[in-house]
Number of protein chains: 2
Amino acid sequence: MRTSIATVSLSGSLTEKLTAASRAGFDGVEIFENDLLASRLAPEEVRERCADLGLSIDLYQPMRDMEAVPEEEFGRNLRRARHKFEVMRRLGADTVLVCSSVHPAAVDDDALAARQLSQLADLASEFGIRIAYEALAWGRHVSTYDHAWHIVETADHPALGTCLDSFHILSRGSDPKAIEDIPGEKIFFLQLADAPLLAMDVLQWSRHYRCFPGQGGFDVAGLVRHVLRAGYDGPLSLEVFNDVFRQAEAGPAAVDAHRSLLVLQESVGPVELPGPVVPTGVAFAELVTPDAEPVCEVLGGLGFARIARHRSKPVDLWQQGEARILVNTGPAVRREGTGLAAIGLESPDPAGAARRAEALLAPVLPRRRAADDAPLDAVAAPDGTELFFCATGRPGLPDWRADFEDVAHNATEPGAHISTKPCVRGIDHLALVQPWHQFDEAALFHRSVLGLLAQESVDVADPYGLLRSRAVTNADGSVRIALSVGAAPSDDTVHAQHIALATDDVVAAARRFLAAGGRLLQIPMNYYDDLAARFEFADGELETYRELGILYDRDAHGEFRHCYTRTVGRVFFELVQRDGGYRGYGAQNAPVRLAAQHLTGG
Amino acid sequence: MRTSIATVSLSGSLTEKLTAASRAGFDGVEIFENDLLASRLAPEEVRERCADLGLSIDLYQPMRDMEAVPEEEFGRNLRRARHKFEVMRRLGADTVLVCSSVHPAAVDDDALAARQLSQLADLASEFGIRIAYEALAWGRHVSTYDHAWHIVETADHPALGTCLDSFHILSRGSDPKAIEDIPGEKIFFLQLADAPLLAMDVLQWSRHYRCFPGQGGFDVAGLVRHVLRAGYDGPLSLEVFNDVFRQAEAGPAAVDAHRSLLVLQESVGPVELPGPVVPTGVAFAELVTPDAEPVCEVLGGLGFARIARHRSKPVDLWQQGEARILVNTGPAVRREGTGLAAIGLESPDPAGAARRAEALLAPVLPRRRAADDAPLDAVAAPDGTELFFCATGRPGLPDWRADFEDVAHNATEPGAHISTKPCVRGIDHLALVQPWHQFDEAALFHRSVLGLLAQESVDVADPYGLLRSRAVTNADGSVRIALSVGAAPSDDTVHAQHIALATDDVVAAARRFLAAGGRLLQIPMNYYDDLAARFEFADGELETYRELGILYDRDAHGEFRHCYTRTVGRVFFELVQRDGGYRGYGAQNAPVRLAAQHLTGG
């Protein structure tokens, strides 16, 4: 199907919006009136620009408060409409959106509405223009799609059809089934938006909180199925008003938008994408650092050993149990100091995973590798984290470790003097801070591109603002990524990313780390008084947690014990003991942890 | 009355919050449990810190999900409560907030609730603690203040009273009148918060959008009057959950909070402040600049003449009609280049105005003046703008111009070769961009300190985000200040401040400026096509506007014509012709103006 996007969904000048829409692969645009008014381009020039960019102008929008008004008012409306039709002729746009009236003078008279819309359609016909009449969810007298359709049906004018908008229909809780009763050729346009399920005034909800399909709580795909069954064959067009997207860069936002339509089309049938290849584990996490020493000291203290080095790059492989961490001291793309730059995802079909990612518009990364390195398929996540699809010791697939050469162990490696009995089993989860404008995008990306499941979003109080956090996981929890976002755009860099390491005995792991000279984040004593009030512990248990700085949580399924290293650059480590099927990430403890990190400066 | 604030209302660590509350003049605090848990200070140390800061601990909060639960659950609750009472003993806090239960297991049984609360009060009595039971607006079975009071009355326990919270009462639309039926001594606590009138889920509304009294839409003062009539004599305590305040600096936020309580007390009677002295005009606007030339060029082009110079400072007075602009090239406090630093407000009683400002916690500015300069009373607005209370040529009051010496006109002054017939009558309004965290504060400041009236807040679409804008004015419109705020904290400096100059003939004023070599902001032609569609104009009128870049708006009262100079540093000028009682500021045209400014880089 053809895809389109309303210019109001993107930030910037009209030309910036058009360029972004074209680059992201859209076939057309809806031109929002204010974007045209604010542009230096004459309508003819906009038409030309669109043609150059391969974009059709699918809709001009909107006309407001046209119908069901006293005759004198309607006369003025026709005058205004004639001006706008003239602009549309210059634009080369042949469909205009007319929203149901919110005018105080509008009367509750369907026959009058039909008659006036018919007159408007007569005038439109002179310009070769079609009118798409849409029920606003807060329209004064017409607020449901079936009501708008009834008026269109009554008017029975060839240049008058209806426009369906998923937000206006689903926000009111209307049953979209009856859309199938509308003849497909009378559905002149289809606008799509999702939204989080908020109980709030529908006008405010619509103007500030819409999002792209798949990012919210509406069954947009279900609605589209009804529209397709009705026989609609026009474009799928996004119309999203969102305070955050308004500030986001137009380019990435347009890509995000187009991806949401691809995923939507996949779920309703008309588009075939390479199927998702769900990762089955975390092969490695890669840290980049200008100075490896502090990181290696922490890794050594945690019980990791440096076991191999890349043949052609300054990258070391540290391992303990199934947890593998690459330490890259090369000229990394990120110059912000030590940080988590890449994740290796264990993939049953790396090439297939990369094909799906590419089909869903994930930037494919250039392979900066030597001629004889193992092939590695990688894409960039919205936050810039590199995702490698790879295999670790699986028959029939090239092993990414083939590019590494073992290093001989020697006693001078940090931590080598400590017991080598591994405390860490593997990587429990990775926590990635998202750019403020891309939190919703990130969740949709990880769900659609990687086939992960998104959990509920939770708010976490930091001393200096609220954070939001949302985890994406595979079914058995062997891949868990916790996405979080700060309270405001300026907050992007305040909060560090982290690698949570799974252990079967967090107390032993913590003691080992301390014995190796490591420092754990100090947790205030008051926290343990509260634990004592909330839970009953075995003798001495709480004292141990207090001594070591271990945090505790419990849910309906099991228990969670965890502690934190200090922060190195922009990254820290967590030791995690997850028992009995505990599903969370200790969000209950996050405010205390965040406050402690602020107190210690990380 | 004593004033108090919940620590959750301020950002930072517990010690930062306590310090800010004390410095702002609060008498006490409510300690929010999570703030204590996250603190390194033991309860005894918090007690000591508060004593040092002159703060009483008026409330510990909250206990949740205590009452009307099955016996086994209640047993666990008593165990938990005992721990918390022990903490409170160490804190020296004698009142605890118990919120009505939201627990899924809570049963709808008032007798059970009363019995269990009574048992809890028995336990509390052992610690010398009182229980203040409050109805959460979203409580499972108890959600109104009269219901909570009914349960307290039934329990009839000396250590059990009720806590009233203006948000929980007013957000549900409850009539607060029946508060007067509660015996004053059984009202153990009073929490105050205002909120904008939003139609949204009450829990989300409460957790994210509360604000200080006077900043929202509730009649908080009306509620307080009922509570005082009931005989309550405890503290007025602020409990405000707000996503923006969570990020704001604790110090200024606490001052803002305390100011809101002073204003509230003034309106209910118990506090006497110096009365407001409403300014009667704008005496001057002061620009600071490291390089006067570009500004003076614009002023000259607009028809201003440099008429005087300060005797002891590098400050020039430019004048046209009643519009006076000071250009200060001295070592100004602001180093960000040319900007609007101060406003002179024509005051019938400058000293009285300053006394009120000081009583309402506005920072009084040091008088950086020579010994024989005229006295000038000045305070800082929340955004740092200096407000001078002064008189221009009024008998009995010192004239601020006494410090200026006339300069002889000569033909080399910029603009001196242009007709001297003044086009500008005075200053129509001043537009000030507010720091992101202080928009609500600014409106309350200008209302309460200056006695101005606040108009409705409006959203304005900028190409890169939504702005909010709100005007404060005096009754006759001779003082108009438009406050605006960007879409996000990072946006503080994007948008410029401006000085709008009143003219009776914007066309003549614009032509004069162009003739003097000035450049006006170019407005896209598409805007004029839209004007033609929306309004009918006299022959040639629209062509003139199009030629000059004049914008047009109309409301029920009159017409508005305006145009803009280019931006110098962080400031630009607007020429404004306001006819027939038009009340707005051309908000309808702001998106086009903002887009044009982005296109030209200001």
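The values are calculated or read from the model by the stated rules, or taken from the named source; none is laboratory data. Everything quoted here is computed from the prediction, not taken from an experiment. Here Cβ is always computed from backbone atoms with ideal geometry, including for glycine, and neighbour counts include all displayed protein chains. These accessible areas exclude ligands, DNA and RNA; they are computed on the full protein's heavy atoms, side chains included. Shrake-Rupley method; radii C 1.70, N 1.55, O 1.52, S 1.80 Å.
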Output the 0 to 90 degree angle, nearest 10, between the alpha-carbon long axis of helix B:14-23 and the longest principal axis computed from the alpha carbons of chain B.
60 degrees
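Apply 1/(1 + (r/R0)^6) to the Cβ-Cβ distance of B:HIS103 and B:ASP459, taking R0 = 25 Å, and write down the FRET efficiency to the nearest 0.05.
Numbers: r = 39 Å, r/R0 = 1.57.
Efficiency for this residue pair is about 0.05.
Using a 10 Å cut-off around each Cβ of peptide B:40-50, what is the average number of partner chain Cβ atoms that fall inside?
On the way: counts 9, 3, 4, 3, 0, 0, 1, 0, 0, 0, 0.
The shielding value for this peptide is 2.
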Expressed as a whole-number percentage, the relative contact order of chain A with C-alpha contacts under 8 angstrom and at least six residues apart is 10 percent
Shielding of B:527-536 by other chains, given as the mean Cβ count within 10 Å, works out to 5
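I'd like the mean, over residues of A:244-250, of how many other protein chain beta carbons sit within 10 Å of each residue's own Cβ.
Numbers: counts 3, 1, 8, 9, 2, 1, 2.
Counting other chains' Cβ atoms within 10 Å and averaging over A:244-250 gives 4.
Grab the alpha carbons of the protein assembly as shown, take their convex hull, and tell me the volume per residue in Å³. Walk me through the numbers before you get to the answer.
On the way: hull volume 239.6 nm³, N = 1204.
Hull volume over Cα atoms, normalised by residue count, gives 199 Å³.
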Using a 7 Å Cα-to-Cβ projection, A:SER457 label spacings across copies, nm, ascending:
2.0
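With +1 assigned to the C-beta of every Lys and Arg and -1 to the C-beta of every Asp and Glu, and no other charges, what is the dipole magnitude of the protein assembly as shown about the Cα centre in debye, to the nearest 20?
On the way: 116 positive and 168 negative charges, 504 e Å.
Charge dipole, the protein assembly as shown, about its Cα centre: 2420 debye, nearest 20.
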Please give the helix A:71-91 orientation as an angle from the longest Cα principal axis of chain A, in degrees from 0 to 90, rounded to the nearest 10.
60 degrees
So the angle from the long Cα axis of helix A:145-155 to the longest Cα principal axis of chain A, reported in degrees to the nearest 10, equals 20 degrees
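For A:THR280, A:THR503, give the ranking by accessible area with the largest first, probe 1.4 Å. Numbers along the way, then the final one.
On the way: A:THR280 75, A:THR503 5 Å².
Solvent-accessible surface, decreasing: A:THR280, A:THR503.
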Tell me, what is the 1.4 Å probe accessible area of B:THR338, in Å² to the nearest 10?
10 Å²
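Tell me the carbon and sulfur percent of the accessible area for chain A, rounded to whole percent, probe radius 1.4 Å.
Details: 11050 of 22380 Å².
About 49 percent, which is the carbon plus sulfur part of the accessible surface.
Counting only DSSP beta bridges with both residues in the protein assembly as shown, tell me the antiparallel percent, nearest 5.
Values: 117 of 213 bridges.
Taking every DSSP beta bridge within the protein assembly as shown, about 55 percent pair in antiparallel fashion.
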Which whole-number percent is the relative contact order of the stretch A:1-84 (Cα, under 8 Å, 6+ apart)?
28 percent
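Can you give me the accessible area per residue for the protein assembly as shown, using a 1.4 Å probe, in Å²?
Working: 44770 Å² over 1204 residues.
Value returned for the protein assembly as shown: 37 Å² of accessible area per residue.
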In square angstrom to the nearest 100, the accessible surface buried at the B/A interface, both sides summed with a 1.4 Å probe, amounts to 4200 Å²
So what does A:LEU198 come to for accessible area, using a 1.4 Å probe and Å² rounded to 10?
60 Å²
Test of understanding: what is the full-extension gain from A:GLU272 to A:ARG554, defined as 0.36 nm times their sequence separation minus their Cα-Cα distance?
97.2 nm
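Ranked highest first by average number of other Cβ atoms within 10 Å, how do B:202-210, A:342-350, B:122-130, B:391-399 line up?
On the way: B:202-210: 18.6, A:342-350: 21.6, B:122-130: 16.6, B:391-399: 13.1.
Packing proxy ranking, top to bottom: A:342-350, B:202-210, B:122-130, B:391-399.
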How far is B:GLY352 from the same spot in each other copy, in nm, shortest first, if each label point sits 7 Å from Cα toward Cβ?
8.4
Under the 7 Å Cα-to-Cβ spin-label approximation, A:ALA51 and B:ARG519 lie apart by a distance in nanometres of 3.3 nm
Report the Cα centroid-to-centroid distance between the stretch A:237-304 and the stretch B:528-592 in angstrom, as an integer.
46 Å
Using helices alone, what [θ] at 222 nm do you get for chain B, with -39,500 (n - 2.57) per DSSP H run of 4 or more residues, divided over all residues and rounded to the nearest 500?
-9500 deg cm²/dmol
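Ordering A:TRP138, B:TRP318, A:TRP149 from largest to smallest accessible area (1.4 angstrom probe), what's the sequence? If you can, show how the numbers build up before the last one.
Numbers: A:TRP138 60, B:TRP318 5, A:TRP149 30 Å².
These residues rank, largest area first, as A:TRP138, A:TRP149, B:TRP318.
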Using a basic spin-label model with each label point 7 Å from the Cα along Cα→Cβ, how many nm lie between B:ARG394 and A:SER312?
8.1 nm
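At R0 = 51 Å, how high is the FRET efficiency between B:LEU203 and A:ARG64 if r is their beta carbon distance? Nearest 0.05 is fine. The partial results should precede the final answer.
Values: r = 34 Å, r/R0 = 0.66.
FRET efficiency, B:LEU203 to A:ARG64: 0.90.
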Expected output is a single nm value to one decimal: the length gained when fully extending between A:SER125 and A:GLU543, i.e. 0.36 nm times separation in residues minus the C-alpha distance. What is it?
142.3 nm
Of all DSSP beta bridges in the stretch A:259-406, antiparallel share, percent nearest 5
70 percent
Output the antiparallel fraction of DSSP beta bridges having both residues in the stretch A:159-318, as a percent to the nearest 5.
45 percent
Taking a virtual spin label 7 Å from the Cα of B:ARG23 along the C-beta vector, which residues in the stretch B:257-277 bring their backbone nitrogen under 20 Å of it?
B:257-262
Spin-label pair B:ARG90/A:HIS150, simplified geometry with 7 Å Cα→Cβ offset, distance in nm
6.7 nm
